[in-house]
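Asker: The structure follows.
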Amino acid sequence: MPKTSDNDVPVANITPFGLRMQPALKRQIEEAAKLSGRSLNSEIVSRLEASLVQAEDNRDVDKQIREVIDGHEQRIIGLEEKLEELVQSRLIELVAKMNDD
């Protein structure tokens, strides 16, 4: 029998999962479920799935931001090196001029 992914499991074959939550939170989720036309379970699953997608999107954005920051850091290092070269060059010129005088 071919192996199926976890997403292919019929709902009736999924072992129930007990969940404890504060009554106020449960009321909020029940209201959201009613507004979206879902069962309480479906609402919770939908919100969990959405939070995981959001977390993945956040990781992608964080990676992109890190890449931009790394690029700026490298540019700053290059500019600092160039500045140091210019300062050293100018100091050599000034010392040479002082020795000439």
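Asker: Apply the Karplus parameterisation 6.51 cos²θ - 1.76 cosθ + 1.60, with θ equal to phi minus 60°, to every residue of the stretch 61-78 and state each ³J(HN,Hα) to the nearest whole Hz, in sequence, with x for glycine and proline.
Answerer: Ordered by residue, 3J(HN,Hα) equals 5, 4, 5, 5, 4, 4, 5, 5, 4, 4, x, 5, 4, 5, 5, 4, 4, x Hz.
Asker: Let me cross-check residue 26: its accessible surface, 1.4 Å probe, with only protein heavy atoms counted, in Å² to the nearest 10?
Answerer: Counting only protein heavy atoms, residue 26 exposes about 80 Å² to solvent.
Asker: Counting only protein heavy atoms and a 1.4 Å probe, tell me what percentage of the chain's accessible area is made up of carbon and sulfur.
Answerer: The computed percentage sits at 57.
Asker: Along the positive direction of the dipole of the chain (beta-carbon charges: Lys, Arg +1; Asp, Glu -1; about the Cα centre), which of 61, 36, 96 reaches farthest?
Answerer: It is 36, whose Cα lies furthest towards the positive end.
Asker: Arranged from highest to lowest average of other beta-carbon atoms within 10 Å per residue, in what order do the peptides 34-47, 59-72 appear? Display every interim value, and only then the final one.
Answerer: Numbers: 34-47: 13.5, 59-72: 10.0.
In decreasing order of mean packing, 34-47, 59-72 become 34-47, 59-72.
Asker: In 10 Å bins starting at 0, how do the alpha-carbon pair distances of the chain split up by percent?
Answerer: Over the chain, the share of Cα pairs per 10 Å bin runs 11, 19, 17, 13, 10, 9, 8, 7, 5, 0 percent.
Asker: Just the number please: accessible area per residue for the chain, 1.4 Å probe, all protein chains included, in Å².
Answerer: Computed with neighbouring chains in place, this is 94 Å² per residue.
Asker: Right, next: Work out the length of the dipole vector of the stretch 33-94 about its Cα centre, built from +1 on the beta-carbon of each Lys and Arg and -1 on the beta-carbon of each Asp and Glu, and round it to the nearest 20 debye.
Answerer: Here the stretch 33-94 has a charge dipole of around 540 debye.
Asker: I would also like to ask the following. Please identify, among 24, 55, 33, the residue showing maximal mean-square fluctuation in a Gaussian network model of the chain using a 10 angstrom Cα cutoff.
Answerer: 24
The values are calculated or read from the model by the stated rules, or taken from the named source; none is laboratory data. Since we're looking at a predicted model, the values are computed, not measured. Here Cβ is always computed from backbone atoms with ideal geometry, including for glycine, and neighbour counts include all displayed protein chains. Areas reflect the complete protein model, heavy atoms only, side chains present, ligands, DNA and RNA absent. Shrake-Rupley method; radii C 1.70, N 1.55, O 1.52, S 1.80 Å.
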